[in-house]
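> Before we start, here is the structure in question, set down as structure tokens.
The values are calculated or read from the model by the stated rules, or taken from the named source; none is laboratory data. On a predicted model such as this, the values are computed, not experimentally measured, just so you know. As a convention, Cβ positions derive from the backbone with ideal geometry for all residues, glycine included, and neighbour counts pool all protein chains shown.
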Amino acid sequence: MSMYFEIGDETLWNPSNGAGRLFLRQVEVFEAELGLPSGIGPGRYPGDPDVLGIDPVVYAAFVRALAARHCRTGHSVILALSEGFVATAVALARRARIDVELTEPAHEFGGDRRDVQVPGNPRATPGAVADALDSRAREMDRWMAR
């Protein structure tokens, strides 16, 4: 069995049920973390849990906020826990022709300091994190069946 992630009649990703369910559970986690909907929901066959539709406008806002959050953190554990999911979400966005900028974000003076890592990871600069995410998203795209 497998799942279908679609925009209209176009299948963007056709993962196994296990991979699809895991991705959807992580979507729920990051919707809560970001306070944003993902735009992933029932597809063209209402009631069929294996066919999911993606609202490109809502998904674009979600994945851009997700990537920005990922690139802003220097916390090694948060990066390790989220990199695979964020890369998959970015690869899916690219397949939907959604532009996701993975650049070093501007410095946020006085930003949220809840997740400070001590000792810090000097290699986790925003630019290095963005480059690693871009590379991982390209790699994920090669592995994601259509």
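> Does segment 9-48 hold any residues that are touching a residue at least 40 places away in the same chain (Cβ under 8 Å) and either farther than 19 Å from ALA67 by Cα or in contact with a Lys or Arg (Cβ under 9 Å, 6 or more places away or on another chain) (or both), and which are they?
Correct list: THR11, LEU12, TRP13, ASN14, PRO15, PHE30.
> So is ALA137 at pLDDT 90 or above and crowded, with 17+ Cβ neighbours inside 10 Å or not?
So ALA137 passes the test.
> Related question: Report the residue count in segment 58-75 for those that are in contact with an Asp or Glu (Cβ under 6 Å, 6 or more places away or on another chain) and either among the aliphatic types (A, V, I, L, M) or at positive phi (or both).
Selection size over segment 58-75: 0.
> Kindly provide the set of residues from segment 66-81 that are in contact (Cβ under 8 Å) with a residue 40 or more places away in the chain, in a helix (DSSP H, G or I) and surrounded by fewer than 22 Cβ atoms within 10 Å (Cβ to Cβ), ordered by number.
Those that are in contact (Cβ under 8 Å) with a residue 40 or more places away in the chain, in a helix (DSSP H, G or I) and surrounded by fewer than 22 Cβ atoms within 10 Å (Cβ to Cβ): ARG72, SER76, VAL77, LEU79.
> Just to check your reading of the model, which residue among VAL90, VAL51 is of a type outside the set (Ser, Thr, Tyr), touching a Gly at 6+ places or on another chain (Cβ under 6 Å) and surrounded by 14 or more Cβ atoms within 10 Å (Cβ to Cβ)?
Result of the check over VAL90, VAL51: VAL51.
> Would you check if PRO105 is modelled with pLDDT of 90 or more, over 19 Å from ASP141 (Cα atoms), over 12 Å from the mean Cα position of the chain (by Cα) and not in a helix (DSSP H, G or I)?
no
> Residues that are among the β-branched types (Val, Ile, Thr), closer than 20 Å to VAL129 by Cα and surrounded by fewer than 15 Cβ atoms within 10 Å (Cβ to Cβ): does segment 20-43 have at least one?
No, the conditions are met nowhere in segment 20-43.
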